[in-house]
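Presented below is the structure to which this report refers.
Read the figures in this text as sums done on the coordinates, not as results from a lab. Here the structure is a predicted model, which means the values were calculated and not measured. Every residue, glycine as well, gets a Cβ built from its backbone with ideal geometry; the counts of neighbours run over all protein chains shown.
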Ligand code: TXA
Ligand code: MG
């Protein structure tokens with residue numbers, strides 16, 4: 001199969017909508033990362049997503065909608081969901097709610113809850129409206145790879161596997177949506193993202209963060225969100241994170257970098273203001289703040305692979321605000337290899 005990658009305009013969006021209605025899968029931009037979409041109400045169409053991504057069948061998908069009225073047929077809406085939708089939709093927030101029968105089991109990996117999100121990206125919205133269907137879409141990477149924040153990343157992973165990718169330029173947020181479970185008494189963040197726990201608490205009064213957000217699951221432990229138990233975002237290089245003051249972290253990274261044998265190609269990920277601490281060693285700039293790190297991190301991990309990097313040393317961020325989302329992704333990319341300096 002040849003994969004077309006077309007600038008997202010009204011003609012290509014109409015073509016993508018036609019493909020979705022015909023049971024095909026297509027790539028499209030959202031404000032978080034690129035997604036790989038299928039008609040969420042069609043079992044065979046959704047199966048094509050799992051095949052193209054090589055995604056484990058026990059990891060459920062997010063269903064994307066363009067209007068609040070599209071939510072009602074899919075799930076049982078509660079008061080918390082209404083308030084969060086009013087505050088944060090359209091936007092980078094996914095809500096887990098009890099599912100209704102119309103949602104095929106393949107979408108939810110057999111769970112009795114379903115993940116719903118209303119994206120704000122104009123191309124995503126136009127596509128959902130044009131096909132008139134809820135769209136099941138995971139991130140558009142092959143399973144285990146960093147999520148795509150450019151159409152070129154998605155083409156790298158999906159070339160020959162899907163008919164079409166809509167190119168809408170770089171994604172704004174850069175990390176996937178916040179996933180919050182609303183199936184219990186207290187809203188629980190299962191995956192941190194652009195909508196922070198503080199923002200959710202501002203609306204609901206109370207919110208908790210699943211503790212598996214910042215640690216690996218123990219052997220045999222049940223995952224609150226199936227996505228947490230799978231290896232994620234990993235570059236081919238071995239990656240280690242360093243916590244501590246900027247000076248202590250830089251001193252430790254410099255000495256480990258300099259001690260590597262010549263056969264290794266090392267890369268240091270650092271905040272803009274710390275780059276001078278690393279002299280002429282190979283560095284990549286995470287930007288001036290957490291939001292820019294979120295925007296850049298997946299692209300930098302892909303670039304490290306393209307540059308045949310074998311060892312990545314990275315600075316860290318405080319686990320608050322968007323920093324929690326960045327650290328959640330980096331900790332998984334590093335296989336939770338985190339050093340205190
Ligand atoms: O920003 C995003 O959310 C992107 C764009 C394309 O919208 N999508 C995305 O999908 O990141 P994906 O499949 O890569 O991540 C979905 C996450 C997974 O961790 C999955 O386990 C979790 O949501 N999830 C989905 N349904 C769930 C459910 N019923 N209960 C618990 N977790 C669920
Ligand atoms: Mg994903």
| said: Need the C-alpha centroid separation for region 186-219 versus region 69-98, integer Å. | reply: 16
| query | What FRET efficiency, computed as 1/(1 + (r/R0)^6) with R0 = 51 Å and r the Cβ-Cβ distance, is obtained for residue 129 and residue 258, rounded to the nearest 0.05? | reply | 0.40
| said: Test of understanding: what is the full-extension gain from residue 206 to residue 245, defined as 0.36 nm times their sequence separation minus their Cα-Cα distance? | reply: 10.9 nm
| Taking the Cβ-Cβ separation of residue 222 and residue 306 as r and a Förster radius of 35 Å, what is the calculated FRET efficiency to the nearest 0.05? | 0.45
| With a 10 Å Cβ neighbour count serving as the proxy for reagent exposure, in which order, fewest first, do 336, 313 appear? | 336, 313
| Using the Kirkwood radius built from alpha carbon pairs, what does the Stokes-Einstein equation give as D for region 81-189 at 4 °C and 1.567 mPa s, in µm² per second? | 83
| note | Fewest to most Cβ atoms within 10 Å: 247, 156, 290, 219 sort as 219, 247, 156, 290
| Convex hull per residue volume in Å³, alpha carbons only, for region 206-341 | 122
| note | When all Cα-Cα pair distances of region 264-341 are considered, the percent exceeding 15 Å is 54
| Between residue 183 and residue 215, what is the label-to-label distance in nm when each label sits 7 Å out along the Cα-to-Cβ direction? | 2.3
| field | Whole-number D in µm²/s for the chain (Stokes-Einstein; Kirkwood sum over Cα pairs; 37 °C, 0.692 mPa s) | value | 161
| request: When you have a sec, figure out the Kirkwood radius of region 1-123 from all distinct Cα pair distances and drop it here in Å to one decimal? | output: 15.2
| query | Ranking 155, 20 by Cβ neighbours within 10 Å, fewest first, what do you get? | reply | 155, 20
| query | So between residue 102 and residue 10, what do we pick up on full extension, going 0.36 nm a residue minus the alpha carbon distance? | reply | 30.1 nm
| field | Relative contact order [Cα under 8 Å, 6+ residues apart], region 102-249, whole percent | value | 16
| query | What is the Cα centroid distance between region 243-257 and region 268-321, reported in whole angstrom? | reply | 14
| Virtual spin-label span in nm between residue 51 and residue 337, 7 Å along Cα→Cβ | 3.7
